[in-house]
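Student: Can you read through this structure? Questions will come right after.
The values are calculated or read from the model by the stated rules, or taken from the named source; none is laboratory data. Only a predicted model underlies this, so the values are computations on that prediction, with no experimental measurement involved. Backbone-built Cβ (ideal geometry, glycine too); neighbour counts: all protein chains shown.
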Amino acid sequence: PAVRGLVVHGEKRGRELGFPTANLSPEAEGLIPADGVYAGWLRDGDRTYPSAISVGTNPTFAGVRPRVVEAFVLDETLDLYDHEVEVVFVARIRGMVAYEGREPLIAQMTDDVVRTRAVLGS
């Protein structure tokens, strides 16, 4: 499955945690899989980047949020705001979980990146 959409500003939580993400607009089109964390690719024009992708409502943080697709591009620092990108889902890493605070979440996200690298061979 894949989804295509405009990269928009989010709540900057990923950046604060050390994992800046490209958030797709709620109007993104395509097949969005079940909530969870995925290994996959982000395509921006003719460039393709390995990515850890989150689909869901970010349940660790208080408040009700809309479902969002966001991709953490591995080993790159990119300004993708207002870019039309495609996110391609390769493999599901895990389901969405609410963690008790930032530290357990950061530890899990670090592991998600390790698992993403293994799946993608990057």
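Student: How many residues are crowded, with 17+ Cβ neighbours inside 10 Å and small (Gly, Ala, Ser) if we restrict to region 24-43?
Tutor: Of the residues in region 24-43, 3 are crowded, with 17+ Cβ neighbours inside 10 Å and small (Gly, Ala, Ser).
Student: Every residue in region 1-29 that is touching a Gly at 6+ places or on another chain (Cβ under 9 Å), of a type in the set (A, V, I, L, M) and assigned to a loop (DSSP other than H, G, I, E, B), please.
Tutor: Matches in region 1-29: 28 only.
Student: Just give me the residues in region 44-54 being surrounded by 15 or more Cβ atoms within 10 Å (Cβ to Cβ) and either within 13 Å of the chain's Cα centre (by Cα) or free of Cβ contacts under 8 Å to residues at least 24 places away in the same chain (or both), in sequence order.
Tutor: 49, 50, 51, 52, 53, 54, listed by residue number.
Student: Within region 88-105, is there a residue that is part of a helix (DSSP H, G or I) and free of Cβ contacts under 8 Å to residues at least 24 places away in the same chain?
Tutor: Checked region 88-105: at least one residue is part of a helix (DSSP H, G or I) and free of Cβ contacts under 8 Å to residues at least 24 places away in the same chain.
Student: Have a look at 57, 21 and point out the one that is surrounded by 19 or more Cβ atoms within 10 Å (Cβ to Cβ) and touching a residue at least 12 places away in the same chain (Cβ under 8 Å).
Tutor: 21
Student: Counting only residues that are farther than 17 Å from residue 57 by Cα and small (Gly, Ala, Ser), which one in region 70-122 is surrounded by the fewest Cβ atoms within 10 Å (Cβ to Cβ)?
Tutor: Step by step, filter region 70-122, then rank; the result is 121.
Student: Looking at (1) under 22 Å from residue 5 (Cα atoms); (2) modelled with pLDDT under 95; (3) surrounded by fewer than 16 Cβ atoms within 10 Å (Cβ to Cβ), which is the one condition that is false for residue 63?
Tutor: Here residue 63 meets the rest and fails (1).
Student: Looking for something modelled with pLDDT of 95 or more and within 20 Å of residue 8 (Cα to Cα) - is there at least one such residue anywhere in region 94-111?
Tutor: Within region 94-111 (the criterion being modelled with pLDDT of 95 or more and within 20 Å of residue 8 (Cα to Cα)), the answer is no, since none of the residues qualifies.
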